[in-house]
Amino acid sequence: MSRPTRFKNTQAEEGQFQLRLVVAYAIMVLLFLLLVSRFVWLQVMQHEHFSTLAQNNRISLVPILPNRGLIVDRNGVILAQNYSAYTLELTPSKMPDLDATVAELSKLVNVTPRDLKLFKKLRTESRNFEAIPLKAKLSEEEAARMAAHAWRFPGVEVKARLFRDYPFKELTSHVLGYIGRINTHDVERLEEDDQTTNYRGTTYIGKTGLEYTYETQLHGTVGFEEMETDAGGRAIRTLRRTPPINGQSLHLALDIRLQELADKLFGKRRGALVAIDPRDGGVLAFLSKPGFDPSLFIDGIDSQTWKELNENWEKPLVNRALRGLYPPGSTFKPFMAMAALETGAIGPNDIRPAPGYFTLPGSSHQFRDSKPSGNGMVNLAKAIQVSSDTFFYKLAWDMGIDRIHPVVSQFGLGSKTGIDLDGEAAGVLPSKEWKAKRFAKYRPEVGRWYPADVVSIGIGQGFNAYTPLQMANGVATLANDGAMFNPHLVQQVVDDRHGKATPINTSPVRRLAFKPAHFEYVKRGMQAVLQPGGTAARIGVNLPYTMAGKTGTAQVVQIKQGAKYNAGALAERYRDHSWFVAFAPVEAPKIALAVIVENAGFGAAAAAPIARALTDFYLTGKVPADLSGQLQTVKTETRSAAEIARAQAERAAEEQEGHDANPAP
Amino acid sequence: MQTPLLKRLWQFVREPLDGWLMLFLGLVFVLSMLVLYSASNQSFDKIDNKLVYTVLGLVVMWGAARMRPQSIMNFAPPLYALGVLLLLAVHFKGVTVNGSTRWLELGITRIQPSEIMKIALPMMVAWFFQRFELSLRWWHYLVAMALIVIPGGLVLKQPDLGTATLIMAAGFFVLYFAGLSWKVLIGGAVAFAASLPVVWNLMHDYQRKRVLTLIDPMEDPLGAGYHIIQSMIAIGSGGPFGKGWLNGTQTHLDYIPERTTDFIFAVYSEEFGLIGNVILVVLYLLIVSRGLMITARAQTLYGRLMGGTITMSFFVYAFVNMGMVAGILPVVGVPLPLVSYGGTATLTLMLGLGMLMSIGNTRR
């Protein structure tokens, strides 16, 4: 239907139209080229960058936690182990309304107020995307119920987790310590040690005790699973798996039977006991009374329980054996005797008076003897046996601190023993330098050393302050004729994968260069303490082996001049502490120990019988008649090292299974 | 006796269809089936559906191609009027989903009238110019503007910026081919640029967010920027040769949103790489070239205007979709022509292509 009349016009229009087509086409080609150049940029120039991003999207590293190493005593009795249980964990960032979810969950599982309190505390301490346990150790029924309702709760998971268990609770609390949730302080430490990766996914870390000291060995090495994950974070399949290396187990020198017996012998009394094998420095028993239940600390202790424990006047949280500083009282005398013999201040057979009191020249101050009538004329050995105070006052006065300190310090008194526990107290073996330093901020007169200062030091009072551990180690060194060890709780660290054991160094760190005759002399003097006429003669009755010891009484309060110490008149906590140090058998010592019973009076009365009962059990297997039914651990049969290793390997395998098996969502 | 019958039948079917276009569409269709199979995690459900509506689309296309453009043109005024009425109905009685009112409830089904306007609007404007071909004055352009702006404004109010832009663009293409003066065109472009701040103020929050996301997707990587970032990762990680069919990790681990519909290009790109992208772009360019070739030979003004507009719109859909997935254009709900899964869009598109073929069939 052409229109001839408008032909020319149409032709012009036609040309105009064709131009517009060309322009449109040109624009479209250009824009397509722009698009292609964008593709080149994304797919060629930025390809590597986006490949990495896609890979990061796709693959997530899931840590596989190593099982924490076990802790067993010298006979393979398990002191710390792991067990698997279900926990209910919430990730706040994944849920619309945290409080509502918690309220809903409380209808399904039994959430106690304590659980809630703990949850709130952890909530403030952790970041939004971290899973926080609301309830640990779900019952089977609760776990099943949660699995059925899981779809209702985004961000809520039931996870199989390993928990630490200390079967002996209070009994081992001051030895093992405990593990607890990793806090910001721990994180800093881990960062410093470059251990952050190794702790990915780990919730707990050793806080005190052996759990802290041997954290590296117990923790092991984390494994990783490379998982392919989808956009919803669900794992699709495993690409690669690097298995974890489980933590090594600690085999202790400690004998839990001895530990339990000691605990029972203390009963409700406070104090500490350390028993050391003088032959290798292994710690056989390490008790601080009272103890506490370490499981309270694992998930973070609530403030009320913490307050109760911390403000308890009995101080259950204080490790008395490690950190308790007590004047040694007369248990100091054997060391004084060594100093006197070594410096030649007295000869073995020199006879000196031991009157009822001692006064310094030109002073009326009376240093009284525990025996008002005195002990007549005695030699050094006899002075030890009867624990003559006036004899040692005079001896100390004659020697002066400069001759006492160099000898006694070699027994490790006043310095850390180097035991494998953190926070050991160094104690105080006084010297002129020490006093000047100690009182440096006061007037010079206060820090000056007065000759009279040495007198009470001679009988283990005054500035003297040692830990029961130091006393035990000192006595062990004495019993050993000067061979000194670093006491150690752990005998060997065992890798359960191939049973490879790394022993802790058990050769003496030092040999004191004192005359063997002097050791022999002092040891005989200590042996006489348990013989008729000695202060602990009562516990020396019917000894089937030889034993040496020394009683001690540490003053808690100063008795006024002229006043008489009257235990009944003093409140219990101001009464004297009862000390006893001992070793047996005398010829070839197998056990050395230090016992202190707080506020229990004379050493012979409270501490010595405990020591005797322990050496009896240790050397002969005899259990005190009145306790025979109460000791659980004594029944435990002892196992060979191979049996222990096998049992542990089986256990580890079981735990790994339990660990891997998470309930289906 | 049978051979001639079959031959006649073949001729009957073949006769209205454009050979070149059919070839290019066929190739794109093959690619689209491959991608859809991968994107739907190797399920045949969507493949089956797509086959069904492609066959339906082919019938519509064939039907349109058999008709003369003038006959189709006569549908323009009633179709346009119906479209505007429906848009008004949406405005007053529409169904609101996700804060925008785009649908009309018809009891049995729900329709989106703006979809009709994608075809009805350019038809109407082209009809208008054809009607007044011999007496065109400047005010005719103003009337044409009004024809564009009325439905465009209604869609914009829904609000649906993407569709409004597309239908108004279609109307604008008609104006362009009808000979709207270059001065006005350039002046309009300048005025548009100048009005951007005003437009910004009139925009809804979600629209502003889309623009901001485009400028810097990393600003909100887990929120609005997430889709763009993930599809850019898919494209980029595909590299020059792609990860291979069915091997796209972004795709199969659910990182790509809407991966069978608006973002299907990311899937394609991840698995077939730059090579695949270039092949697809070239196919689109061939379709567009063929479309313009048909347009250049169109006999009537209506034919030229509609041919050019359909071709340009086809291009715009392809460009906007790929540009959006590649992160150079804002996220608007535009499917990738012939590839994205979705019945309505395919039918509209095939109808348009059928009309293009009908224009091609009516040579001078």
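Overview of values
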{"read-out": "Residue within segment A:244-267 that is of a type in the set (D, E, K, R), open to solvent by less than 30 Å² (accessible area, probe 1.4 Å), in contact with a helix residue (DSSP H, G or I) (Cβ under 7 Å, 6 or more places away or on another chain) and within 14 Å of chain B (Cβ to nearest Cβ) present", "value": "no"}
{"read-out": "Unique match (being part of a helix (DSSP H, G or I), within 21 Å of B:Leu180 (Cβ to Cβ), in contact (Cβ under 8 Å) with a residue 12 or more places away in the chain and not polar (S, T, N, Q)) among B:Phe265, B:Phe315", "value": "B:Phe315"}
{"read-out": "Test: residue in segment B:57-74 that is assigned to a helix (DSSP H, G or I), over 20 Å from B:Gly308 (Cα atoms), of a type in the set (Phe, Trp, Tyr) and out of contact with any strand residue (DSSP E or B) (no Cβ under 7 Å at 6 or more places or on another chain)", "value": "no"}
{"read-out": "Candidate set: segment B:301-318, residues that are facing chain A (nearest Cβ under 10 Å) and within 9 Å of B:Ile359 (Cα to Cα); chosen: the one modelled with the lowest pLDDT", "value": "B:Arg304"}
{"read-out": "Residues being basic (Lys, Arg) and modelled with pLDDT of 85 or more - total across segment A:142-162", "value": "1"}
{"read-out": "Test set (1) in contact with a Gly (Cβ under 9 Å, 6 or more places away or on another chain); (2) open to solvent by 30 Å² or more (accessible area, probe 1.4 Å) - B:Lys46 fails condition number", "value": "(1)"}
{"read-out": "Flag for A:Gly223 being over 21 Å from the mean Cα position of the chain (by Cα), away from chain B (no Cβ under 14 Å), open to solvent by less than 40 Å² (accessible area, probe 1.4 Å) and under 26 Å from A:Val493 (Cα atoms)", "value": "yes"}
{"read-out": "Hey, B:Ala89 assigned to a helix (DSSP H, G or I), within 29 Å of B:Gly19 (Cβ to Cβ) and small (Gly, Ala, Ser) or not", "value": "no"}
{"read-out": "Single residue of A:Pro96, A:Pro66 found to be in a loop (DSSP other than H, G, I, E, B) and within 22 Å of A:Glu125 (Cα to Cα)", "value": "A:Pro96"}
{"read-out": "Elements of type strands (runs of 3 or more DSSP E) in segment A:216-276, at least 2 residues being modelled with pLDDT of 90 or more", "value": "A:249-252, A:271-276"}
{"read-out": "Considering residues of segment B:230-249 that are more than 8 Å from chain A (Cβ to nearest Cβ) and open to solvent by 20 Å² or more (accessible area, probe 1.4 Å) only, the residue farthest from A:Met227 (Cα to Cα)", "value": "B:Phe241"}
{"read-out": "Residue check for A:Gly356: assigned by TED's automatic domain parsing to the domain that holds A:Ala465, surrounded by fewer than 21 Cβ atoms within 10 Å (Cβ to Cβ) and on the phi > 0 side of the Ramachandran plot", "value": "no"}
{"read-out": "Flag for A:Ser84 being farther than 30 Å from B:Val278 by Cα, within 14 Å of chain B (Cβ to nearest Cβ) and at pLDDT below 90", "value": "no"}
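Yes/no matrix, rows are residues, columns are (1) free of Cβ contacts under 8 Å to residues at least 60 places away in the same chain; (2) closer than 13 Å to B:Met322 by Cβ:
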{"position": "B:Pro240", "(1), (2)": "yes, no"}
{"position": "B:Leu246", "(1), (2)": "no, no"}
{"position": "B:Asp254", "(1), (2)": "yes, no"}
{"position": "B:Thr260", "(1), (2)": "no, no"}
{"position": "B:Leu285", "(1), (2)": "yes, yes"}
{"position": "B:Leu292", "(1), (2)": "yes, no"}
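Table: residues versus (1) open to solvent by less than 10 Å² (accessible area, probe 1.4 Å); (2) β-branched (Val, Ile, Thr); (3) within 20 Å of the chain's Cα centre (by Cα).
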residue: B:Thr251; (1), (2), (3): yes, yes, no
residue: B:Tyr255; (1), (2), (3): no, no, no
residue: B:Arg259; (1), (2), (3): no, no, yes
residue: B:Phe263; (1), (2), (3): yes, no, yes
residue: B:Asn277; (1), (2), (3): yes, no, yes
residue: B:Arg290; (1), (2), (3): no, no, yes
residue: B:Ala296; (1), (2), (3): no, no, no
residue: B:Gly307; (1), (2), (3): yes, no, yes
residue: B:Gly327; (1), (2), (3): no, no, yes
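The values are calculated or read from the model by the stated rules, or taken from the named source; none is laboratory data. Not measured: the values here are computed from a predicted model. Note: ideal-geometry Cβ built from the backbone for every residue, glycine included; neighbour counts use all protein chains shown. Areas reflect the complete protein model, heavy atoms only, side chains present, ligands, DNA and RNA absent. Shrake-Rupley method; radii C 1.70, N 1.55, O 1.52, S 1.80 Å.
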